[in-house]
Amino acid sequence: MIGTISYLVFFATTASILAIAVLGLNLQWGNTGLFNGGVVAFFGAGAYGTLILGGTPQDGHLGGYGLFYPLALLGGMAAAGVMAWIVGLLTLRLRHDYLAIATFGVAVAFENLMRNAEWLAGGAKGVRGFERPLRDALGDGFLYNIAFFITVLIILITVYLFLERLVASPFGRLLRAIREDEEAASSLGKSPSRIRLTAFITGSVILGLAGGLYGTFYAFVSPQDVLPTLTFQIWAMLIVGGAGNNRGAIFGAFLIWGAWTASGWALSRFAPVEAQLYTGSMQFVLIGVVIVGMLMWRPQGLLPERLVVSQRGSKE
Amino acid sequence: MIQNLIDGVLTGSYLSLGAIGLTLVMHILRFANFSHAELLSLGAYAALVFDALVTALAPVLATKLGPLSLTYALLFAILISMVLTGLSAVLIDRLVFKRVREKGWELSMVFASFGMALIIRNVIGLIFGLSPELYSKDIAFAMILSRDPLILVKPDQVFVLVAALALMFVLHLILSRTTFGYALRAVAENPSLAQVNGVNLARTVMAVWLIGGSLAAVAGVFYGLSHQVIPVMGRDLVLPIFAATIVGGIGSVYGAVLGGFIVGIAGNLALVVLPSGYTPSIPFMLILIVLMIRPHGLFGEARA
Amino acid sequence: MPDPVLQVSDVTAGYVPDLPILHGVSLTAERGRITLIIGPNGAGKSTLIKAIAGLIPVSAGRLTLDGQDVTHIRPDQLAAYGIAYVPQTDNIFRSLTIRQNLDLALRRAGGDAAARRNQLLTQFPALADKQHDRAGTLSGGQRQFLAIAMALARAPRLILMDEPSAGLSPKATAEVLEHARKLTADGVSILLVEQNVSQAMKLADHCYILAEGRNQVDGPAAELIGNKVVGEIYLGGRRMGAA
């Protein structure tokens, strides 16, 4: 019994952290129409940043600043933001493709750098030696996990409320205006590329926050955590949940994470031994089918955007 | 150093072939097709299958061409693979991209292409297994061009370069000498004006997929001849090919050719100063440099 | 004896299905004549001409070319039926040479394309000298002539011209419009949209005035010159457009 509850807490914590990431992506894609092909890089920047800043000294690589935890987390978010600022500055003036390609490239380069640069973040071995905050008071067991889950939940709700207010604000209306018709928005005297940059950085900082929490949860991060898989999963969560709808984003995160975990479990349990090597491939095919299928048959997602004045589909 | 340069040119020859199709699709259909590199895998595996098939049906064709490891059977297989990969590209467009295009807005296409890439790559893995395959099990001996410094070139590599240049020259002739070529360029520049001048848009889009797909097939086989055929080759090639289109300027066929060579050479020259582990990051560095100093690439034009 | 080439009957059309710009416009273009469409900004003149060319979906009404229904025909098929369209801007392919532009337009024309191309080049000597240059290097007036030459390539029944004088000097405008007049002598019909009302009215045979996507007044161009109502619609509309 305690085993089941403990697993459920573990599952819900991971899903909630991913839901925060999906919310960040929703601001970029759902609300502003910015394609982020390298979600995992910003997530990873948050995770690496937090652990390097907040960890204990390690031999051979950067880190061990032992910063007060909230500051370390903010530092991780800032790292994601700075990366978004650089990429956004270079690409947001250009046609949409450039952002897609550049963000995809950031993710490849980020993983590549983390894997190779031992002096920076331990290379393939990853960043160790991070002490989870308040571990002395709460211990390492079930109690800690419950407390951590509640913290993540509070952060998720805070991010949700923040984004809901942002989307309802004049700035949010501007974002949608730019998404629907950039020329019209710029004729109102607004600079679309600056507004898009703001939205892109804000979304990436939220992705960094999710990454920071993820790193904290495992007290460890390595290049294996920043593989493209995560990008695809987070996309699928948003597309299935419903781009443009924050509740849909959260719903999609839990649904897809549940389906992913369940399919992995089912494949490992029921697939013949010789097929075990291919469970990864099967899961990827499934996620590809989910993405393509949703776009073809239900592009608005399971929970569609509510306040739409959309011209999607009718525009050339 | 000179060896790196030579290797870079050879890498460039298959990157260019891949980038040509990608740049055309990106320009005419206005979306970054992340599944284009999977057409290279598709072509490489199709050639593998038909090579075995042709060899089984007509063992006499298994003879090698001069010093090359390439056989007549593989040559046939490449031609069949070009046709099949081109048709697959058309089919994928009909089944998926066309529907998404009609239903959603432009950027949904990028998502769809990522999804297609995942599907194609992993289905290939499920069918052919995850371990690498080779077109020829024989060891190809390199020719020694110079001993000091040591410069080695394999006959296959020379063939790849010559064949790639020949294909690009044929494409150049089509684009610059035939009205079909003018129609392709016209659609790339201004689709509605092309239509009122009598160009059938749907048919041109189909032709672009056919050309892009068949060149991708050749590129895939050439990659396989130079390295190995493996299901994840698309994943490793997608960024270099995109980098080639951005360096050359999206939409420019000549830019894609030059971009492919630049990316190939840069990647190999980087080995002189950087450990080989960093090679996958080089295309991204090139993209950043180009975006900083010449955002529309060498031959590209600003277009919203 | 009226001899209509094109008949537009109660056409409703717009870029977006639910947002029509034209609300039931009708007009007739006679063979060998210049039919002029004028109206204030936003009247729907360009939209009308694009709808006739097949570039904008027609949601209601009918288009007939010599009695044949051509309402929902693809633009490239319309081109084959003999409707040529010269857009206001971006009406040539800048990256192709002048000769390649002409050869492209002649691609489906049938007959001896090379001979036809040389014939067109003799007709436009300014283009002949530069036939191997990229069309992007041409001046505004020369571009307009190239666009007209491309339209003529397929020996069209009807040429749709959207503000050929836009961005041209008065001298170049006069040349272009004179050329249009000459074409009608060979039996070509022209449907012309112009902002340059005074010059165009002198040239045209029949004139339609559109405002807010609807027919307002029409009649022989000579009679409409100096007509008070025309001035009011036009100037009134223009003020509206400016506001």
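Observations
- The protein assembly as shown shape via C-alpha gyration tensor axes, a/c threshold 1.5: oblate
- Tilt relative to chain A, helix A:2-25 - C-alpha long axis, 0 to 90 degrees, to 10: 30 degrees
- For the pair the range C:84-108 / the range A:189-249, the C-alpha centres are spaced 46 Å from each other.
- Computed from protein heavy atoms with a 1.4 Å probe, the total accessible area buried between C and B is close to 2000 Å².
- Cut-off 14 Å between beta-carbons: net charge of the residues surrounding B:Val199, Lys and Arg +1, Asp and Glu -1: +3
- Only DSSP H runs of four or more residues enter the estimate; each adds -39500 (n - 2.57), and after division by the residues of chain A the mean residue ellipticity at 222 nm equals -23500 deg cm²/dmol.
- Across chain C, Cα pairs under 8 Å and at least six residues apart give a relative contact order of 28 percent.
- Taking the centroid of alpha carbons for each part, the range C:13-79 and the range C:119-150 are 28 Å apart.
- Using a probe radius of 1.4 angstrom, the carbon and sulfur fraction of the accessible surface of the range C:33-112 is 41%.
- Area buried, chain A against chain B - accessible surface, total, 1.4 angstrom probe, square angstrom: 4400 Å²
- Measuring r between the beta carbons of A:Ala137 and A:Ala262 and using R0 = 56 Å, the FRET efficiency lands at 0.95.
- With protein chains left intact and a 1.4 Å probe, residues in chain C average 44 Å² of accessible area per residue.
- Charge dipole (chain A, unit charges on Cβ, about Cα centre) - positive-most of A:Asn245, A:Ile234, A:Ala266: A:Asn245
- Dimensions of the range B:172-304 along the principal axes, based on C-alpha atoms and rounded to the nearest Å, stand at 54, 35, 23, largest first.
- Approximate shape of the range B:2-232 as ellipsoid semi-axes (Cα gyration tensor, √5λ), whole Å, largest first: 33, 21, 17
- FRET E, pair B:Val9, A:Ala275, Förster distance 56 Å, beta-carbon r, rounded to 0.05: 0.85
- Of the accessible area of chain B, computed with a 1.4 Å probe over protein heavy atoms only, carbon and sulfur atoms account for 71 percent.
- Positions from the range B:172-204 whose accessible area shrinks by 50 Å² or more when the full protein complex is built, not the chain alone, probe 1.4 Å: B:Thr179, B:Tyr182, B:Arg185, B:Glu189, B:Leu193, B:Gln195, B:Val196, B:Asn197, B:Gly198
- Cα-based Rg and Dmax for the range C:35-136, where Dmax is the largest Cα-Cα distance (Å): 16.2, 46
- Threshold 30 Å², the range B:238-273 residues less accessible with all protein chains present than alone (1.4 Å probe): B:Leu239, B:Ile246, B:Ile250
- Per residue, in Å², the accessible surface of the range B:161-239 once ligands and nucleic acids are set aside, probe 1.4 Å: 33 Å²
- Solvent-accessible area, 1.4 Å probe, carbon plus sulfur percent, for the range A:2-227: 67 percent
- About the Cα centre, charge dipole magnitude for chain A (Lys/Arg +1, Asp/Glu -1 at Cβ), debye: 620 debye
- With contacts taken as Cα pairs under 8 Å at a separation of at least 6 residues, chain A carries a relative contact order of 30 percent.
- Cβ-defined net charge surrounding C:Val58, 13 Å radius [Lys, Arg +1; Asp, Glu -1]: +1
- Label-point separation, A:Leu227 to A:Thr4 (7 Å along Cα→Cβ), nm: 3.1 nm
- Relative to the Cα centre, the charge distribution of the range B:62-220, modelled as +1 at Lys and Arg Cβ and -1 at Asp and Glu Cβ, gives a dipole magnitude of about 280 debye.
- Across the range B:33-76, the relative contact order, built from alpha-carbon pairs under 8 Å that are at least six residues apart, equals 31 percent.
- Once you reduce the range B:172-193 and the range B:278-295 to the center of their Cα atoms, the two points are 30 Å from each other.
- Rolling a 1.4 Å probe across the protein heavy atoms gives the range A:2-227 an accessible surface of 39 Å² per residue.
The values are calculated or read from the model by the stated rules, or taken from the named source; none is laboratory data. Owing to the predicted nature of the structure, the values given are computational and were not obtained by experimental measurement. Here Cβ is always computed from backbone atoms with ideal geometry, including for glycine, and neighbour counts include all displayed protein chains. Note: accessible area is taken over every heavy atom of the protein model, side chains too, but ligands, DNA and RNA are not part of it. Shrake-Rupley method; radii C 1.70, N 1.55, O 1.52, S 1.80 Å.
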